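Written below as C-alpha cells is the structure these notes are about.
The numbers here are math on the coordinates, done by the rules we state, and not lab data. This structure is a prediction, so every number in the text was calculated from the model and none was measured. Please note: Cβ atoms are built from the backbone with ideal geometry, for glycine as well, and neighbour counts cover all protein chains shown.
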Amino acid sequence: MNAVPFDSRSDAMFRSWTGEEILARHDARSGAWMFVCVHSTRLGPAGGGTRMRSYGTPAAALTEAMDLAEGMTRKMAAADLPVGGGKSVIAVPRVPRGAERERLLTRYVALVEALGGTYITGPDMNTNGDDLEFMRRHSEHVFGSSAGIQDGRSIADATALGTFQGIRTCVEWADRTDSLDGCTVVVQGVGEVGGRLTGMLVEAGADVVVSDVDEARIAPLVARHGVRTVAPDRVLDEPCDVFAPCAMGRVIGAEDVGRLRARIVAGAANTQLRGTGTADALRAAGILYGPDYIVNSGGAMHAFGVEMLGWNSAEVLERIRGIDHTLRRVFTSAEQEDVSTEEAAGRIVAERLGETA
Ligand code: PPY
C-alpha cells in the first residue's frame, strides 16, 4: 500500500484523544461516513447526540466527533448525571431528505445497536424528533423521540431554557441585576435551540440580534419578534452585552477576543472556544465566559432525566434551575483561585470523574 499523507490535525487529535472507542461506517452509495465516538463510560453509558452535516473531509468529521464526545463527558459530569460522554456524526455530501435519509439513518442506527448500550444517542445539529422516532424503532438506545416530550417540553426546549437561565445568571453575576430588560444579546445560529432562545430573550425584554448562515431561519424570527440581524461574518464584531453562540463549535479563538464587543459569552453551542489560551484571553479582557457545557446542559438533563431516570417535570425543571448554582460555584472558584471559568469548571469535572485536578 502506498504511504498516505497524514492530515497533521487529525494525527494530533488521535495522539491527544483520551477516549475509549470509535466505530466507523462508510456508505458507498451516498459517500457518507458515520463515526460513533465513545469518549468515556466512567460514569455510565456514553451519551451524546447524532449530528448530520457536510464536512470538507472525513477526517474533519471524525475530528469533530472526537472533540464533541470529549465535551459530552465534561457536560454529563458537571451536570452530575450517571451518564458518560460520546457523540456521533453522519458526514454527508448533502443533508438528505425522505427515503434516502431513512436509508442512511437505518444504516447508522445499526452501529448504535451494535454497541449494545455502551452508547446512547439523541438529537444534535440537523437531526430532529422525527429522525429519533425513526431510529427508535430500530434501537432502544435512542432518546429524544416524541416519547421524551414531557409537559410539551422537548430536548430543544429544555436546552433553550437552560441556556436562557445560564445567560441570566451570567448577567446577574456581571451586572448585579436579574433583569434582561434592555440587555443586548447576539444569538449566533437560530436553529432548533437558538430560535427558541431568541423567543425567550425577547419575552424577557432583551434586545436580540440574530445571525444565521441559513437566511430562511432569520425571516420568521424578524417577522415574529422584530429582532435585528447581523451578517454571519460580522457576528463577532457586533456590539452587545452577551454573545451567545448557538450553532457551530470553536467559534472563538484567542485572536478573536480583541474583536469581541461583548462583556459576556454564554450560549448553547458545544465546544465554543478554540485553542488552549482562549479562556485566559477572555478572562484577561474582562469578558465573563459561562462554560458551554454547563450553560447548555438542560437538554441532556431533560433527555436522560425523563427517558432514563424517570424524573417528572418538576424534577427536570429543578435540575435545569441548578445550572444557576453550578455556574455561581464556577465563577466563585474562578475568582478565588484566580483562574479562568473554563479551568474552574474543569476542576469540578475532574473531581466528579475521580481524577486529581
Ligand atoms: C448535548 O447536550 O449536546 C447532547 O447531545 C444531549 C443529548 C445526548 C443524547 C441524547 C439526548 C440528548
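Remark: the Cα gyration tensor places region 46-101 in the oblate category, a/c being 1.5 or greater and a/b not exceeding b/c.
Assuming charge only on the beta carbon of Lys and Arg (+1) and of Asp and Glu (-1), the dipole of the chain about its Cα centre is about 640 debye to the nearest 20. Taking other Cβ atoms within 10 Å as a rough exposure proxy, Ser297, Ser179, Ser145 sort from fewest to most as Ser179, Ser145, Ser297. Modelled label positions at His26 and Thr106, each set 7 Å beyond Cα in the direction of Cβ, lie 2.3 nm from each other. Axis of helix 98-114 versus longest Cα principal axis of the chain: the two differ by about 80°, to the nearest ten degrees. Taking amide H as placed 1.01 Å from N in the peptide plane, the amide H of Val208 sits under 5 Å from that of Val185, Arg228, each at least 5 places away or on another chain. Over all other residues within a Cβ to Cβ distance under 12 Å of Val213, the charged ones net out to -2, with Lys and Arg as +1 and Asp and Glu as -1.
The phi torsions of region 232-241, fed into the Karplus equation with coefficients 6.51, -1.76 and 1.60 and a -60° offset, translate into couplings of x, 7, 10, 5, 6, 8, 6, x, 6, 8 Hz, rounded to whole numbers, with Gly and Pro shown as x. Against the chain, whose longest principal axis is taken from its Cα atoms, helix 215-225 shows a tilt of about 40°.
Across the options Ala285, Met34, Cys183, the greatest Cα extent toward the positive end of the charge dipole of the chain (unit charges at beta carbon of Lys, Arg, Asp, Glu) belongs to Met34.
Taking a sphere under 11 Å around the Cβ of Val171 and counting the other residues whose Cβ falls inside, with K and R at +1 and D and E at -1, yields a net charge of -2. Dipole orientation for region 109-244: of the candidates Thr127, Gly148, Pro232, Gly148 has the Cα lying most toward the positive pole (charges on Cβ; Lys, Arg +1; Asp, Glu -1). Evaluating 6.51 cos²θ - 1.76 cosθ + 1.60 at θ = phi - 60° for every residue in region 155-166, the Karplus couplings come out as 4, 4, 4, 5, 5, 5, 4, x, 5, 4, 5, x Hz, glycine and proline recorded as x.
Based on the alpha-carbon gyration tensor of region 125-168 and its eigenvalue square roots a ≥ b ≥ c, which shape applies: rounded if a/c is under 1.5, prolate if not and a/b is larger than b/c, or oblate? Prolate, since a/c reaches 1.5 and a/b exceeds b/c.
Using a simple spin-label model with pseudo-atoms 7 Å out from Cα toward Cβ, Glu113 and Asp151 lie 3.5 nm apart. For the chain, the square roots a ≥ b ≥ c of the C-alpha gyration tensor eigenvalues yield an a/c under 1.5, which makes the shape rounded. Residues whose amide H lies under 5 Å from that of Gln188, counting only those 5 or more places away or on a different chain, are Ala244, Cys246; hydrogens are built 1.01 Å from N in the peptide plane. Note on Glu203 and Glu172: with the Förster distance fixed at 30 Å, the Cβ-Cβ geometry gives a FRET efficiency of about 0.95. In order along region 79-90, the phi-based Karplus estimate (6.51 cos²θ - 1.76 cosθ + 1.60, θ = phi - 60°) of 3J(HN,Hα) comes to 7, 6, 9, x, 9, x, x, x, 6, 9, 10, 10 Hz; Gly and Pro are listed as x.
A simple charge model with +1 on the Cβ of Lys and Arg, -1 on the Cβ of Asp and Glu and nothing else charged puts the dipole of region 295-355 at about 220 debye relative to its Cα centre. Counting other Cβ atoms within 10 Å as a rough exposure proxy, the listed residues Ile294, Ile22 run Ile22, Ile294 from fewest neighbours to most. Among Ser146, Ser313, sorting on how many other beta-carbon atoms sit within 10 Å of each Cβ, with the fewest leading, yields Ser146, Ser313.
By how many degrees, between 0 and 90 and to the nearest 10, does the Cα long axis of helix 298-307 differ from the longest principal axis of the chain? Once rounded, one gets 50 degrees.
Approximating the spin labels as points 7 Å out from Cα along Cα→Cβ, the Ser179-to-Thr332 distance works out to 2.7 nm.
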